[in-house]
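What follows is a single structure, written as structure tokens, with notes after it.
We did not get these values from a lab; they are worked out from the coordinates using the rules stated. Model, not experiment: these values are computed from the prediction. Note that each Cβ is placed from the backbone with ideal geometry, even for glycine, and that neighbours are counted across all protein chains shown.
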Amino acid sequence: MEDITIHLLKGFCGLYFGDNPTRGVKLFGEPDEKEELTDELLNEKSTVYHYWKMGFSLFFKNDENKGLHCVEVDNKDAIVLGEKIFVLKEEAIKALFKKNTFPLTETEQHAWGEKRLSFDEAFADLYFENGKLISINFCTPDYFADIDKLNMN
């Protein structure tokens, strides 16, 4: 398998948003676990392929296309925007995203200690614990377009 590379707005490694689970299995093998999730907000179901040993999960919509729409990564070797992101400090991550035209949009500190940085133009959320990056969630812009449509109704 190639490097663990996050292609913001496009996909993950050689798997692109909209690709089906069969393509994911071809690239990464069978997942360690499959899970069915329901998004109450959108009233949509997803099938999640967890690759625990490789440090990522792939979210496929349960519609006719079964397309990849979100990825969660906690693999410490992951590359984002040309950098091994998990070795960077928070300020360096903000600067990296800003340099690549993805300004910080929102910061949220949770009571249980986790901190979220959102980069809306990249459709990415980064989660920190005790000052260290612990995971990255990123989605296809189409996923958020569906949320916007729902909010308009």
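If you run the Gaussian network model on the chain, springs between alpha carbon atoms under 10 Å, then out of 80, 25, 48 the most flexible one is 25. Placing unit charges on the Cβ atoms only, positive for Lys and Arg and negative for Asp and Glu, gives the chain a dipole magnitude near 500 debye about its Cα centre. Exposed loop sites, defined as chymotrypsin sites (Phe, Trp or Tyr not before Pro) outside DSSP H, G, I, E and B with at most 12 other Cβ atoms within 10 Å, are absent from the longest region of the chain, namely 53-111. Candidates 97, 136, 15 compared by Cα position along the dipole of the chain: farthest toward the positive end lies 97, with charges placed on Cβ. Among beta bridges identified by DSSP and lying wholly in the chain, the antiparallel ones come to about 95 percent. Which loop GluC sites (Glu not before Pro) in segment 39-82, with loop taken from DSSP, have no more than 14 other Cβ atoms within 10 angstrom of their Cβ? Those that pass, being in a loop and sparsely packed, are 40, 64. Across the chain, C-alpha contacts under 8 Å between residues 6 or more apart give a mean separation that, scaled by the residue count, equals a relative contact order of 20 percent.
Pull the list of the chain cysteines that no other Cys approaches to under 4.7 Å, Cβ to Cβ. Lacking a cysteine Cβ partner under 4.7 Å: 13.
Starting from the Kirkwood Rh over alpha-carbon pairs, what translational D in µm² s⁻¹ does the chain have by Stokes-Einstein at 10 °C and 1.306 mPa s? After rounding, the answer is 99 µm²/s. Note on segment 57-105: dipole from Cβ charges, positive end direction compared against 75, 57, 86; the farthest Cα belongs to 86. Here the Karplus curve 6.51 cos²θ - 1.76 cosθ + 1.60, taken at θ = phi - 60°, turns the phi angles of segment 60-68 into couplings of 10, 5, 8, 10, 5, 8, 6, x, 4 Hz, with x standing for Gly and Pro.
Estimated from helices alone, the mean residue ellipticity of the chain at 222 nm is -6000 deg cm²/dmol (sum of -39500 (n - 2.57) over DSSP H runs with n ≥ 4, per residue).
The simple spin-label model puts a point 7 Å past each Cα toward its Cβ; for residue 9 and residue 63 those points are separated by 2.1 nm.
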